[in-house]
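Right, one structure below, let's go through it.
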Amino acid sequence: MEFAGNRDRVALPTGRLTSLEICAGAGGLALGLEHAGFDPVLLLDNRPIACETLRANRPGWDVREVDLTAFDPSENQQVYDVHLLSGGLPRVKSPAAANRTRGYETELAVLKAAVDLVYGVQPRAILLENVPDLVEKDEYEPVRTYVGEELGHLGYRFSWHVLNAKDFGVPQNRKVGLLVAFKGDLIDWFEWPKPYEGPCPGVGETLLESMGERGWPDAMGWAAQANVVAPTIVGGSWERGGADLGPTGAKRKWAQIGVDGVTVADRVPGSDFVWNPSIGRSGRVRLTVDQVALLQGFPAEWKIAGLKTARYRQVGNATPPPLARAVGEAMAHVLRCGGEDLGSRGEQ
């Protein structure tokens, strides 16, 4: 399968750029940025299984299993002055929800560690991905204010924005909250990427080939009626639950195209599977983790390590690579064409 971000491309100035990737996960953000011209000098994640995934796909990448709050850039000076500090941070909950949900303090600690890392690394640019609510909702204003004040003290100007992955060739309705920042005045050259022209591929088109791998005779018929973008794929909590395709509302949308969203399959349908959604879950097709990865915009050859639930968590929590590529290309253009106006390390 062609990488979903390969269409409607504009040629960029040549020359590879460097990045430091934090909270790297399954590598969706790093992969998209690689296609945009960034080579990571170091990738960090605190989950062994995510590190295994990264190493399986890019043996040449320097991947470290480390908690971001414990990372000391002075012991890894190759990260100094990278062009880009990037990361898909754990989904930050609003301060209003802190007393009724678990994990808020941990998520906030990671966010603060990312901001602190800017001081030590002094990257030329920053790209952080999180939930769209962090960008759009009033209850997150204290978090946005904290980040903005800290970056301002360090000489960065920034922009918050929400993009939808379906506008960039990903067959999924997935809104993503993004923070882009540049040292000095480079933000004046930056423009958020515009949606690709042309229709977004649907679930059926994206999964047709894989659905027929084991001779399922109804693969073509199923794909024809599944000509819609997928609902948002939710990775879920690492601490509890198994693999499924999201909350109740999402499962209802999957059922409308004959997919059982209550679980994730080990294999695609075989030649003897009878597709009959009218009889309920037993007559609906189930997606595999590899198919969910395709709906996230990963190329078919990208390997996800671990058992089914751990694999699904990595995929569901990833940044869609084509979306990362689009933003990365916009940032790379600024760094290449406006970089001569950037001061040296340490100038504020």
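Once the Cα atoms are used to define both axes, helix 321-337 deviates from the longest principal axis of the chain by about 20 degrees. Between the stretch 205-230 and the stretch 143-157, the C-alpha centres lie 47 angstrom from each other. Taking 0.36 nm per residue of separation and subtracting the current Cα-Cα distance, fully stretching the chain between Gln256 and Lys137 would add 39.8 nm. What translational D, rounded to a whole number of µm²/s, comes out for the stretch 203-315 from Stokes-Einstein when the hydrodynamic radius is the Kirkwood one over Cα pairs, at 25 °C and 0.890 mPa s? Translational D for this selection: 173 µm²/s. Placing a pseudo-label 7 Å from each Cα along the Cα-to-Cβ vector at Ser237 and Asn276 gives an inter-label distance of 3.8 nm.
Summary value for the stretch 203-315: 27 percent relative contact order, contacts being C-alpha pairs under 8 angstrom separated by 6+ residues. Pairs of Cα atoms nearer than 8 Å and 6+ residues apart set the relative contact order; for the chain it is 22 percent.
Note the count of lysine pairs whose C-alpha atoms are less than 14 angstrom apart in the chain, limited to pairs 8 or more residues apart or on different chains.
Numbers: Lys93/Lys112; Lys93/Lys137; Lys137/Lys175; Lys166/Lys175; Lys166/Lys194.
Final tally of qualifying lysine pairs is 5.
Label positions at Asp62 and Asp266, each projected 7 Å from the Cα along the C-beta direction, are separated by 4.1 nm.
Loop-located GluC sites (Glu not before Pro) across the stretch 205-250 with a Cβ neighbour count of 16 or fewer within 10 Å are Glu213, Glu239, with loop assigned by DSSP.
No value in this document is a laboratory result; all are computed from the given coordinates. Predicted model only: the values in this text are computed from it and were never measured. In this analysis, Cβ positions are derived from the backbone assuming ideal geometry, glycine residues included, and neighbour counts consider all displayed protein chains.
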